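Trainee: One structure, as structure tokens, below. Some questions next.
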Amino acid sequence: MYITGRLALLVAAGIVPVVLFGAALDPWIVAGGWILLSAAVAVADALLAASPRALRVAREIPARARRDEAVRTEVILRNTGTRRIHGRMRDAWQPTAGAPLGRIRIDIPGGESRRITVPLHPRRRGQLVSEFVVVRSGGPFGVAGRQASIGARGALRVLPPFRSRRHLPSRLARLRELDGSTSVQLRGRGTEFDSLREYVRGDDVRSIDWRATARAGTTMLRTWRPERDRHIVIVIDTGRTSATRVGDGVRLDAAMEATLLLSALAARAGDHVHLVMMDRVTRARVSGVDGNALVPALVDAMAAVDPQLIDTDWSSVAALVRRLPVRPALVVLLTAQDDPAASRAFLAALPSWTARSRVLVGAATDHDTSAGAADAAEGLIDAESAYLEAARARAGSDAARVADAVARAGAVSLAADAESLPPLIADHYLALKLRGLL
């Protein structure tokens, strides 16, 4: 049973009989009688309301949706009773699903069904669940009614948003130029033999194939393309440093965006991508998936992974990469590079990768020094701003020390904000392709 605001108005209206009959009768008796009458009306209203237990609930929910994108779900209510049910309904999604806060009006005659649209706007990755639907059936007076929670489990898997997708067309265009498949680029770059074609004035004479020239009777030229079928291993650190706030999200979200952009680009280039998300245990792993199925497999594996407030065991991560059945041409490590003390284990494990492969270490940062520098230039800095500026300078100095240690170990270090890191890593991959180093 539930009551509405009308019951409060009904009780408040008792001031009228108290004023009218208070002189002839005891005012407390009049007030008490009015309250009892109001309670009797509320109970009668609830008894006259149709039972919401007569409803049967079914759902239509998409299997997957991207974070921060609107998705439409539907709840189907079927009235198995003979009485009309009118009232309100609320779908009990968790707050991060972005369901409407207000209750939805329903009016379902006996034996009929109604389809209720419940829009969602998920704000968190992972599995979002609604275990039940709450239905309120109002009485004829609108003072009270019946309420019931009807079990009907619904689940929605929310995937990473992949906002860095907007950088993909420009990088694919550069990749096509590297392959020599555009009208602008006459000769593919790289060291892997592609095909033979006739010599054109201006071509590099060192690429003339004299045997093919003798067979064809005209000067033939070898063309080259960037190497294909290379293996790229991406390792995402899911330890405590991945929970650091960077931009509008956390460092783990930025690492996922960088992974998706690089993977989509590498798949188009004919390379193979392997993903490991790990701290002390493996949180997600994708291997042996190529082509158009790669990005869907990656986002599905990433969806349920959250930062863990524990230190990453880098020796275990290195051992897992060594156990892979492939020899990676490029290892991309997405982790933090901002504290020399916390990076000791990572730096100790780094030579085991650089001895076998090219290594790229990427980190999302949130060090904005422009505001503090502007205030200092205008003489507006106070004590609090001075401490903040000193903290920024110290963080920048620590990050530079870690980057130098990474470079001495034979790896390449890249650090940028969450928006700039994915295209920066993709550009580094294309540069390796261009120079024939991958």
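Trainee: Kindly provide log₁₀ I(q)/I(0) values, in the same order as q = 0.17, 0.19, 0.25 Å⁻¹, from the Debye equation applied to equal alpha-carbon scatterers of the stretch 4-102.
Mentor: -0.89, -0.99, -1.27
Trainee: While we're on this one: Taking the square root of 5 times each eigenvalue of the Cα gyration tensor, what semi-axes in Å does the equivalent ellipsoid of the stretch 268-346 have, largest first?
Mentor: That gives 24, 15, 12 Å for the three semi-axes.
Trainee: HN-Hα J couplings of the stretch 345-362 from phi, Karplus 6.51/-1.76/1.60, θ = phi - 60°, integer Hz, Gly and Pro as x?
Mentor: Values, residue by residue: 5, 5, 5, 5, 7, 4, x, 5, 8, 5, 6, 10, 8, 6, 10, 10, 10, x Hz.
Trainee: Further question on the same structure: Ignoring ligands, DNA and RNA, please state the percent of accessible area on the stretch 5-73 from carbon and sulfur, probe 1.4 Å.
Mentor: About 71 percent, which is the carbon plus sulfur part of the accessible surface.
Trainee: Under a 10 Å cutoff between Cα atoms, tell me which one of Thr354, Thr218, Thr80 has the largest fluctuation in the Gaussian network model of the chain.
Mentor: Largest GNM mean-square fluctuation: Thr218.
Trainee: Something else now. Please report the antiparallel percentage of DSSP beta bridges with both residues in the chain, rounded to the nearest 5.
Mentor: The antiparallel proportion sits near 70 percent.
Trainee: Anyone know which of Asp313, Asp382, Asp229 comes out most mobile in the 10 Å Cα GNM of the chain?
Mentor: With Cα springs under 10 Å in the chain, the top fluctuation among Asp313, Asp382, Asp229 is at Asp382.
Trainee: Taking every DSSP beta bridge that has both residues in the stretch 213-344, what percent is antiparallel when rounded to the nearest 5?
Mentor: Around 35 percent antiparallel, to the nearest 5.
Trainee: If you roll a 1.4 angstrom probe over the protein chains with everything in place, what fraction of the accessible area of the stretch 281-334 belongs to carbon and sulfur, to the nearest %?
Mentor: So the carbon and sulfur contribution to the accessible surface is 50 percent.
Trainee: Could you provide, to the nearest whole Å², the per residue accessible area of the chain with probe 1.4 Å?
Mentor: Numbers: 22170 Å² over 438 residues.
Accessible surface, normalised per residue, equals 51 Å².
Trainee: What Kirkwood radius, in Å to one decimal, follows from the Cα pairs of the chain?
Mentor: Result for the chain stands at 27.3 Å.
Trainee: For Phe132, list long-range residues whose amide hydrogen, built 1.01 Å from N in the peptide plane, is under 5 Å from its own amide hydrogen.
Mentor: Close amide H contacts, sequence-distant or interchain: Ala92, Ala152.
Trainee: Per DSSP H run of n ≥ 4, the term is -39500 (n - 2.57); total these for the chain, divide by its residue number, and report the mean residue ellipticity at 222 nm rounded to 500 deg cm²/dmol.
Mentor: -10500 deg cm²/dmol
The values are calculated or read from the model by the stated rules, or taken from the named source; none is laboratory data. All of these numbers come straight from a predicted model, not from anything done at the bench. Just the protein is used for accessible areas: all its heavy atoms, side chains included, with ligands, DNA and RNA removed. Shrake-Rupley method; radii C 1.70, N 1.55, O 1.52, S 1.80 Å.
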